[in-house]
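This report refers to the structure that appears directly beneath it.
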Amino acid sequence: MKKKILFILLSICVFNVFAITPIKIKKSTTKHGPEKGSLIIIGGGLIPTAIWNKFTELAGGVDKANIVVVTTAAGDSAGTETATIDLVKAQTKIKNVTLLHTSDLKEANSEKFIESLKAATGVFFEGGRQWRIADSYLNTLTHQAFLDVLERGGVIAGTSAGASIQGSFLWRGDTSGPQVLVGDHTQGLGFLRNSVIDQHLLRRNRQFDLVTIIETNPQLIGIGLDESTAILVQKDTLEVLGKSYIAIYDYKTILGEGPKHVVGDKEDNTAANGPFFFLHEGQKYDLSSRTVIKERNQ
């Protein structure tokens, strides 16, 4: 398993070097998060009002936001269904919401297809199967247009499959089903660089699944999100939103060398005795230094 993961990661590196794509690679001052704009990465399930409100705010507010909803992960039928569009409108009160859907890589690589993204202040990725998003958009003009939304200071959000696709290494991306952790699709859209993202963490008892890949690939940061819970990432600062927990998987933590955080005379739940630790709503984490950001009253 470990050798397979390493081989696949090396293959991705080779592919990125030699593939001819419209993606513009530039130096960044951040290690994992976007230099500009925001990511909201949601673990699936019902999305709390507070998360929708943050998405609306970061997209420019009810009156100014221009949202593109990507429904590709849900399959071909989602190209004509308006359920997710209706949901976004109902939860955010934003009127300017457009559907974006294709399963055709050539269409996604056309100027006509990306027209709605050129004025977008926010993008929302629906859940489903993350490999469908990769098959349709990876290394295309649409992929670059998503990155341009961030470059303009906009927000990209996604739930479930729309969460995992935001990482650089695509977790549970096999076409045969999500039970295959490292499958036939292993490259994500990379909005959160050098990362691997899982979802439905506690709800589906997945909390130990990310350990092996971080053990074999120390450069990656692993993030597991429970349902109704999200992370907001701006530059290299991560903040937890929502009702449950997220888990952080870091190589030093797995080795037992992670930093300890003390509140009063007790270690809090970020002082891991195992290969990961949990963070809850309001807690922040520095992705660059791989440390929990202490609250001012600590």
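The values are calculated or read from the model by the stated rules, or taken from the named source; none is laboratory data. Being a predicted model, the structure only gives us computed values, none of them experimental. Cβ sites come from the backbone with ideal geometry, for glycine too, and all protein chains shown count toward neighbours.
Key figures
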| item | result |
| --- | --- |
| Counted residues, the stretch 165-218 - those being assigned to a loop (DSSP other than H, G, I, E, B), of a type in the set (Val, Ile, Thr) and either crowded, with 18+ Cβ neighbours inside 10 Å or under 17 Å from the mean Cα position of the chain (by Cα) (or both) | 3 |
| Helices (runs of 4 or more DSSP H) contained in the stretch 43-158 and holding at least 2 residues touching a residue at least 24 places away in the same chain (Cβ under 8 Å), out of contact with any Phe, Trp or Tyr (no Cβ under 7 Å at 6 or more places or on another chain) and exposed (fewer than 14 other Cβ atoms within 10 Å of the Cβ) | 49-58 |
| Residue in the stretch 1-51 that is farthest from the chain's Cα centre (by Cα), counting only those that are at pLDDT below 60 and polar (S, T, N, Q) | 11 |
| Which listed residue is modelled with pLDDT under 95 and touching a strand residue (DSSP E or B) at 6+ places or on another chain (Cβ under 8 Å), from 82, 71, 98, 121 | 82 |
| Flag if residue 152 is under 17 Å from the mean Cα position of the chain (by Cα) and modelled with pLDDT of 95 or more | no |
